[in-house]
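*Asks:* Pasting a structure below so you can have a look.
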Amino acid sequence: MMRLSPPSGAMLSAHALAQDMVRQQRLGDALRIYDRMLCLASDDPRVRLQQGAGLLLGNVSECAERQFQALTRTHPVLKEAWQGLGKALYDHQRAEAAVRAFTRAAEVSDAPSRALYHRGLAHRLMGNFEAGWLDHKHRLMVPDFRHRVFDRPRWDGSSLAGKRLLVICEQDYGDVFQFVRLVPHLRDLPGESIFECLADLGDILAPVLGGLTVIPSRGCEAPRIALDCYVSLPSVAFLLGVGLTGIQTPAASRDWATGSP
């Protein structure tokens with residue numbers, strides 16, 4: 001693993017200014033700042049990393065790919081270069097190449113969770129759901145990934161006979177609508193499965209949640225019920241070994257989603 005010395009205050013300020021330009025959709029101005037930074041510190045890989053990150057932020061993934069690709073040749077053990085390359089390839093729908101880049105990022109990092117989590121996204125883009133779910137569990141070890149922790153064990157897929165399982169929503173609406181199709185698989189398990197639902201989605205998701213106990217979410221606070229273990233909604237697929245066939249929308253849910261009678 002390669003370690004970089006802290007950047008100078010001037011470089012940090014220039015990078016912050018360039019990022020502001022990107023957010024204002026002034027990509028040309030941002031790239032000129034990065035070009036100037038490269039003139040002053042051509043041997044500092046961070047400048048190209050920052051330039052690539054700015055290009056990604058500006059949705060110029062092909063240009064970002066070239067920057068990161070060049071860095072992986074000159075600094076082959078720089079995890080940020082491989083991570084950025086994987087992100088650029090993923091954004092450009094080149095999932096197989098992205099998997100290889102994220103794999104290399106994980107190999108050269110002493111904290112590979114972020115690279116493995118992103119590799120899982122690329123696997124799923126390819127339709128390789130089993131590998132995608134396996135990598136997706138690493139999100140819980142990414143330091144800035146938002147998730148909730150309760151004073152009960154996380155469900156590990158073991159038998160739920162005589163137990164009460166709480167299924168929690170990990171992120172926001174997009175997360176719920178993407179993964180709620182997995183919930184019906186819990187109906188056939190022993191024990192009791194309880195779904196913690198965002199308050200304004202109860203009626204909308206009722207056709208999918210039929211047969212399960214549903215309680216309203218209390219935000220970051222733990223629910224006021226007794227439970228033996230809990231699981232984040234996106235983890236259900238991995239723990240149950242759900243593949244492509246298993247995530248296809250059941251008939252009742254499909255009718256609900258399409259408006260069919």
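Read-outs throughout are calculated quantities, based only on the coordinates presented, and are distinct from any laboratory measurement. Computed from a prediction, not measured in an experiment: that's the story for all the values here. All Cβ positions, glycine included, derive from the backbone under ideal geometry; neighbour counts span all protein chains shown.
*Asks:* Count the net charge of all other residues whose Cβ sits under 14 Å from the Cβ of D156, scoring Lys and Arg as +1 and Asp and Glu as -1.
*Replies:* +3
*Asks:* In degrees, nearest 10, range 0 to 90: what is the angle between the Cα axis of helix 9-23 and the longest Cα principal axis of the chain?
*Replies:* 60
*Asks:* Within the P(r) computed for the chain, what percentage of the Cα pairs occupies the region above 22 Å?
*Replies:* Result for the distance tail: 63 percent.
*Asks:* Looking at segment 9-141 from every direction and averaging, what is the projected area of its Cα convex hull in nm²?
*Replies:* Here the figure is 8.1 nm², rounded to one decimal.
*Asks:* Can I ask one more? Check S193: other-chain or 5+ apart residues with amide H under 5 Å from its amide H, H built from backbone geometry?
*Replies:* L165, T213
*Asks:* Only helical DSSP H runs with n ≥ 4 go in: add -39500 (n - 2.57) per run for the chain, normalise by residue count and round the 222 nm mean residue ellipticity to 500 deg cm²/dmol.
*Replies:* Helices in the chain give a 222 nm mean residue ellipticity of -15500 deg cm²/dmol.
*Asks:* What's the extension gain from F145 to D200 if we count 0.36 nm per residue and subtract their Cα-Cα distance? It would help to have the intermediate numbers written out before the result.
*Replies:* Working: separation 55, 0.36 × 55 = 19.80 nm, distance 2.40 nm.
Residue separation times 0.36 nm, minus the Cα-Cα distance, leaves 17.4 nm.
*Asks:* Under the Karplus relation 6.51 cos²θ - 1.76 cosθ + 1.60, θ = phi - 60°, what is the ordered set of whole-Hz ³J(HN,Hα) values for segment 143-154, x standing for Gly and Pro?
*Replies:* Coupling constants for segment 143-154: x, 9, 7, 7, 8, 10, 10, 10, 8, 10, x, 6 Hz.
*Asks:* Let me ask something else about it. Mind listing the phi-derived Karplus ³J(HN,Hα) values for segment 24-41, rounded to whole Hz, using 6.51, -1.76 and 1.60 with θ = phi - 60°, and x for any glycine or proline?
*Replies:* Once rounded to whole Hz, the list reads 7, 6, 9, 5, x, 5, 5, 5, 5, 5, 5, 4, 5, 4, 5, 5, 8, 8.
*Asks:* Taking springs between alpha-carbon atoms closer than 10 angstrom, which of P153, P234, P76 fluctuates most in the Gaussian network model of the chain?
*Replies:* Largest GNM mean-square fluctuation: P153.
*Asks:* So for segment 52-114, what are the equivalent ellipsoid semi-axes in whole Å, largest first, each being the square root of 5 times an eigenvalue of the Cα gyration tensor?
*Replies:* Taking √(5λ) for each eigenvalue gives 17, 12, 10 Å, largest first.
*Asks:* Taking the chain as the reference, fit the longest principal axis to its C-alpha atoms, fit the long axis of helix 45-57 to the helix C-alpha atoms, and give the angle between the two in degrees, 0 to 90, nearest 10.
*Replies:* So the inclination is approximately 50 degrees.
*Asks:* Under 30 Å from the Cα of K87, which lysines turn up, not counting those fewer than eight places away in the same chain?
*Replies:* Candidates past the 8-residue exclusion: K79, K137.
*Asks:* Working from Cα positions, state the angle (0 to 90°, nearest 10) between the long axis of helix 79-91 and the longest principal axis of the chain.
*Replies:* 60
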